[in-house]
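The values are calculated or read from the model by the stated rules, or taken from the named source; none is laboratory data. Model, not experiment: these values are computed from the prediction. Positions of Cβ are backbone-derived with ideal geometry, glycine not excepted, and every protein chain shown enters the neighbour counts. Accessible surface is based on the protein model in full, side chains and every heavy atom, while ligands, DNA and RNA are left aside. Shrake-Rupley method; radii C 1.70, N 1.55, O 1.52, S 1.80 Å.
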Amino acid sequence: MQQAAELLGAADKYQLEELKSLCEEKLCHTTNLENVVSHLIVGDLYQVTYRLFGSRSDSLVKPDMEPILQ
């Protein structure tokens with residue numbers, strides 16, 4: 001998913017909102033427990049909307065928070 005993150009950076013830089021949305025969707029659909037943190041960092045870096053991306057990340061992280069906090 002490195003390509004989607006790089007493309008997201010270009011889309012953000014050149015204000016290509018449709019491409020940015022496509023990259024966001026791709027990252028959202030490929031987010032899992034192994035890459036959720038890096039995807040959130042990329043999303044924050046390029047000001048991705050929280051719409052799909054954040055809710056997907058929340059659904060992955062929240063159930064596993066209890067063991068992390070202990």
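In the stretch 21-44, the residues that are without any contact (Cβ under 8 Å) to a residue 40 or more places away in the chain form Cβ pairs under 6 Å with partners that are assigned to a helix (DSSP H, G or I) and open to solvent by 70 Å² or more (accessible area, probe 1.4 Å), at six or more places apart or across chains, as follows: Cys23/Leu7; Cys28/Arg56; Thr31/Arg56. Helices (runs of 4 or more DSSP H) wholly in the chain with at least 2 residues that are modelled with pLDDT of 80 or more and open to solvent by less than 80 Å² (accessible area, probe 1.4 Å) - which ones? Those helices (runs of 4 or more DSSP H) span 2-13, 17-29, 36-45.
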